[in-house]
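Reading through the structure tokens given below for one structure.
A short reminder: the numbers here are calculations on the coordinates, not readings from a lab. Quick caveat: nothing in here was measured; it's all calculated off a predicted structure. We place every Cβ from the backbone using ideal geometry, glycine too, and count neighbours over all the protein chains shown.
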Amino acid sequence: MIENFKRLERRLVKKAHIFEFYEDKLELPDGKIDYYDFLRHKGAAAVIPVLPDGRILLVSQFRNALDRVTLEIPAGGRNTSEEPYIDAAFRELEEETGYRTDRLTHLISIRTAVAFCNERIEVYVADHLIPSKQHLDEDEYIDVHPFSLDEIMKMIFDGKIEDSKTIASIMSYHAFLLQKKNNIE
């Protein structure tokens, strides 16, 4: 029965910088009509940059929605909905951290807020980092910090890192390393 939702109308309410806001009119399984909010997002890419010693680079930046500075893995939106996610990942890695790589390994796909938004983030692991230069956007102010995986895990469990893409990505990376270790032994 839950599959019997029918979208009757999608009305653009506002086109903003990083998303489009719609009001959807749906017919529910019982025949009633209800309205849902929907944010259309172009998608984004995120990167776990791993230094040769195993430390991971995180970026700190001000987040307006929270009115404070956060600690996150580097990430950014695709320039267009057609841009390959991996191209955005290569770009965002260098822009935000000042490092580049010639190799990215796909880790996971994340849907950030399925109740009202279609945003998809493709997460990659970057190793073989090559020092380069940050290329921040005009409105970006980002500091880069290296941490061990254990330090990051502790910050997650202590509530110091709350960003969902960072938590999901770091937990997945931790599981990936454990699986890799177990397969070797």
Note: the stretch 90-185, point scatterers on Cα, Debye, no solvent; log10 I/I(0) at q = 0.21, 0.24 Å⁻¹ equals -1.36, -1.43
Check: C-alpha center the stretch 58-87 vs C-alpha center the stretch 94-147, spacing in Å is 7 Å
Computed about the Cα centre, the charge dipole of the chain from +1 Lys/Arg and -1 Asp/Glu charges at the Cβ has a magnitude in debye, to the nearest 20, of 380 debye
Restricting to aspartates and glutamates and to Cα separations under 12 Å from K160, and discarding same-chain partners fewer than 8 apart, the set is E72, E151
Listed by chain and number, the residues whose amide H is under 5 Å from that of Y124, excluding neighbours fewer than 5 places away on the same chain and using placed H, are A46, V47, I48, L107
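More than 19 Å apart: what percent of Cα pairs in the chain qualify?
Numbers: 10828 of 17020 pairs.
Tail of P(r) above 19 Å: 64 percent of Cα pairs.
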Excluding residues fewer than 8 positions from K32 in its own chain, the lysines with Cα under 28 Å of it are K6, K14
Helix 85-97 sits off the longest principal axis of the Cα atoms of the chain, rounded to the nearest 10 on a 0 to 90 degree scale, by 50 degrees
Scoring only Lys, Arg, Asp and Glu (+1, +1, -1, -1) among other residues with Cβ under 14 Å from the Cβ of S169 yields -2
Once both label points are put 7 Å beyond Cα along the C-beta direction, the Q134-D53 separation in nm becomes 2.0 nm
Most packed first (mean Cβ within 10 Å per residue), the peptides 35-44, 63-72 order as 35-44, 63-72
For I86 and F157, extending 7 Å from Cα along the Cα-Cβ vector and measuring point to point gives, in nm, a value of 3.5 nm
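Could you put D158, D163, D143 in order, starting from the residue whose Cβ has the fewest other Cβ atoms within 10 Å?
Details: D158 8, D163 20, D143 11.
So the ranking, lowest neighbour count to highest, is D158, D143, D163.
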